[in-house]
Amino acid sequence: MELEVLKPRVVDDGTHKGEIADVTYRTEPYAYTDVSIEMADKMTLKVGYPTIVMKESKLGKLMERFGVTLKEGEQVNPDVILIGQKCEFITMTETTPKGKFAKVIPESVKPIK
């Protein structure tokens with residue numbers, strides 16, 4: 001199979017719009033819920049939240065921003081709540097030993113009203 005060599009895609013720092021396309025869960029090295037946001041140009045960015053739901057947690061606050069009322073002892077399903085929601089978010093370029101990439105600020109993800 002031949003693959004085309006593509007030009008690196010750059011996401012400018014600032015506010016962007018998209019739609020939550022997927023929610024996945026991972027346990028290594030820690031329990032995280034990853035939210036995939038597809039932008040208009042079909043580029044997908046991921047943002048991770050520790051997989052714990054309470055009013056004070058990042059994942060709990062995210063779900064509250066999307067209209068969920070959190071009540072202790074009740075069950076919530078981030079997939080049902082978040083997938084398909086139009087949203088706005090802020091990115092900042094982060095440099096690591098692996099290179100530069102667009103980092104979604106977790107607290108900035110909110111529904112478009």
Point to revise | Gain upon complete extension [Glu94, Thr44; 0.36 nm per residue less C-alpha separation] | key: 16.4 nm
Check your understanding: By the scheme Lys and Arg +1, Asp and Glu -1, what is the net charge of all other residues having a beta-carbon under 12 Å from that of Thr44?
Key -> -2
Exercise for review: Would you kindly work out the equivalent ellipsoid of the chain from its C-alpha gyration tensor and give its semi-axes, the square roots of five times the eigenvalues, largest first in whole Å?
Suggested key: 27, 16, 14
Practice item. Work through the residues other than Ser108 whose Cβ is under 11 Å from its Cβ and net out their charges, Lys, Arg +1 and Asp, Glu -1. Key: +1
Exercise for review: Please order Lys7, Lys58 by the number of other Cβ within 10 Å, starting at the fewest.
Suggested key: Lys7, Lys58
Review point. Can you give the helix-only mean residue ellipticity at 222 nm for the chain, where every DSSP H stretch with n ≥ 4 adds -39500 (n - 2.57) and the sum goes over all residues, rounded to the nearest 500 deg cm²/dmol?
Key: -2500 deg cm²/dmol
Practice item. For segment 7-71, just the Cα set please: Rg and Dmax, both in angstrom. Key: 13.7, 47
Practice item. Express in nm, to one decimal, how much length is gained between Asp13 and Phe66 on full extension, taking 0.36 nm for each residue of separation and deducting their alpha carbon distance. Key: 16.7 nm
Practice item. Please turn the phi angles of segment 27-34 into ³J(HN,Hα) values with the Karplus equation 6.51 cos²θ - 1.76 cosθ + 1.60 (θ = phi - 60°), one per residue in order, whole Hz, x for glycine and proline. Key: 10, 10, x, 9, 7, 10, 9, 9
Study note, to complete from the structure: Expected unfolding gain across Ile83-Ile112 under the 0.36 nm per residue rule, minus the alpha-carbon gap, is 9.1 nm
**Study point:** Environment charge of Glu19, counting only residues whose C-beta is closer than 9 Å and scoring Lys/Arg +1, Asp/Glu -1
**Key:** +1
Check your understanding: Using the 10 angstrom Cβ neighbour count as an exposure proxy, how do Leu6, Leu59, Leu70 rank, fewest first?
Key -> Leu6, Leu70, Leu59
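Just so you know, all these numbers are worked out from the coordinates, no wet-lab data involved. All of these numbers come straight from a predicted model, not from anything done at the bench. Neighbour counts run over all protein chains shown; Cβ positions are idealised from the backbone, glycine included.
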